[in-house]
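Below you'll find the structure, written out as structure tokens, and then a few comments.
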Amino acid sequence: MKQSRIVFMGTPDFAVQSLRRLIEEGFNVVGVVTMPDKPIGRHHDVLQSSPVKKFASERGIPVLQPEKLRDETFLAELKALKPDLQIVVAFRMLPQVVWALPPLGTFNLHAALLPQYRGAAPINWAIINGDTETGITTFFLDEQIDTGRIILQESIPIALEDNAESVHDKLMMQGAELVVKTVRLIEDGKATATDQSQFITDEPLRPAPKIFKDTCQIKWQEHTLKSAYDFIRGLSPYPAAWTPVLANGKETEMKVYRASMMPEASSKGKVELTSDNKTYIHISLPGGYLSLDEVQLAGKKRMPVADLLRGTQILGRDSLL
């Protein structure tokens with residue numbers, strides 16, 4: 001068949017790699033849809049383009065930035081691009097009037113092994129839950145979020161040392177290759193799509209809801225050593241897990257970016273923060289001690305714990321830990 005006219009939809013860096021690979025492979029990307037420019041700066045008087053817009057604009061690809069996806073002007077502009085196929089990578093939920101437009105359909109790249117981890121934050125939740133494997137899925141969009149028929153899947157291991165950033169970067173690269181494979185299958189008429197019900201096992205389905213600040217608070221009393229470690233790395237470096245502490249006698253918040261487990265150390269059996277206020281901050285948990293290695297106090301820079309303790313005395317708030 002003739003080369004398809006492709007419209008690509010995405011916003012963050014995760015999506016840029018897929019768009020880059022499509023262009024490198026010579027696919028006919030006729031337009032890009034991304035989020036409107038975001039006001040930034042102290043007075044919100046500076047507009048920042050999304051990474052996808054910046055990349056597309058540098059390559060002369062037309063960019064559409066609708067506020068609302070049902071807007072008649074946007075729909076007319078999208079139809080004028082005459083897409084045969086639409087690809088969605090880290091964008092937003094599309095109404096049927098958009099995803100049903102191209103004759104070859106609209107497929108999405110999702111950073112999980114569907115049907116597991118449907119939702120906005122699949123990478124974070126897979127690590128938080130202590131999974132040792134995750135992956136990527138391409139699937140055709142339908143009326144519900146992340147429920148469409150699966151085209152391709154590939155898995156990757158999650159190492160004990162991985163955090164959300166390292167897994168994000170691995171899936172970003174591998175996902176871009178899966179997008180290219182999926183387009184080739186569709187263009188060659190060889191794509192088969194399987195209902196997600198065929199992938200459901202006895203294992204409970206885990207959701208991947210959007211993460212808010214309250215989600216990120218480390219509720220130490222609810223954790224073992226391993227689950228606290230997974231929680232911290234699953235949110236690092238963004239948005240970052242945090243805990244209330246007393247710093248030089250004042251109550252504040254401390255983000256934790258990196259920690260290490262000390263299972264060989266015999267903890268006291270109760271949740272407790274201990275520190276020599278020189279080199280270490282340890283949290284006693286069931287299973288051992290968790291060493292907080294890289295942290296950031298509210299209003300301060302991210303730094304190794306030893307650097308923080310040079311000028312700051314840290315105490316735990318037992319009532320909050």
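The values are calculated or read from the model by the stated rules, or taken from the named source; none is laboratory data. Just so we're clear, the structure is a prediction, and the values are computed from it rather than from any experiment. Quick reminder, even Gly has a Cβ in these numbers, built from the backbone with ideal geometry, and neighbours come from all protein chains shown.
Things worth noting here:
- Pairs where the first residue, in region 67-80, is touching a residue at least 60 places away in the same chain (Cβ under 8 Å) and the second is surrounded by 12 or more Cβ atoms within 10 Å (Cβ to Cβ), C-beta under 8 Å, 6+ apart: Leu78/Val7; Leu78/Gly31; Leu78/Val33; Leu78/Leu64; Leu78/Val98; Leu78/Leu101
- Only strands (runs of 3 or more DSSP E) whose full extent lies in region 94-191 are considered here, and the ones with at least 3 residues that are closer than 22 Å to Lys210 by Cβ are 106-110, 133-140.
- No other residue among Lys68, Lys54, Lys79, Lys38 is under 22 Å from Ile145 (Cα atoms) and not acidic (Asp, Glu) apart from Lys68.
- Residue in region 271-287 that is modelled with pLDDT of 95 or more, surrounded by 15 or more Cβ atoms within 10 Å (Cβ to Cβ) and within 20 Å of Asp131 (Cα to Cα) present: no
- Region 270-321 holds strands (runs of 3 or more DSSP E) entirely within its bounds, and those carrying 3 or more residues that are in contact (Cβ under 8 Å) with a residue 60 or more places away in the chain map to 288-297, 314-316.
- Enumeration of residues in region 1-33 that are more than 14 Å from Val180 (Cβ to Cβ), out of contact with any Pro (no Cβ under 6 Å at 6 or more places or on another chain) and either among the basic types (Lys, Arg) or part of a strand (DSSP E or B) (or both): Lys2, Met9, Gly10, Val30, Val32, Val33
- Region 217-239 residues that are touching a residue at least 24 places away in the same chain (Cβ under 8 Å), paired with ones that are assigned to a loop (DSSP other than H, G, I, E, B) and of a type in the set (Asp, Glu) (beta carbon under 8 Å, 6 or more apart): Arg233/Asp162
- Residue match in region 251-269 (condition: in a strand (DSSP E or B), more than 30 Å from the chain's Cα centre (by Cα) and surrounded by 15 or more Cβ atoms within 10 Å (Cβ to Cβ)): no
- Qualifying residue in region 232-251 (condition: farther than 25 Å from Gly311 by Cβ, among the aromatic types (Phe, Trp, Tyr), modelled with pLDDT of 95 or more and not assigned by TED's automatic domain parsing to the domain that holds Arg118): yes
- Filtered residues of region 156-202 (kept if small (Gly, Ala, Ser), surrounded by 12 or more Cβ atoms within 10 Å (Cβ to Cβ) and either touching a residue at least 12 places away in the same chain (Cβ under 8 Å) or within 24 Å of Glu25 (Cα to Cα) (or both)): Ala164, Gly175, Ala176, Ala191, Ala193
- For region 62-97, a tally of residues being polar (S, T, N, Q) and more than 27 Å from Met172 (Cα to Cα) returns 1.
- Residue within region 141-154 that is in contact with a strand residue (DSSP E or B) (Cβ under 7 Å, 6 or more places away or on another chain), among the polar types (S, T, N, Q) and crowded, with 19+ Cβ neighbours inside 10 Å present: no
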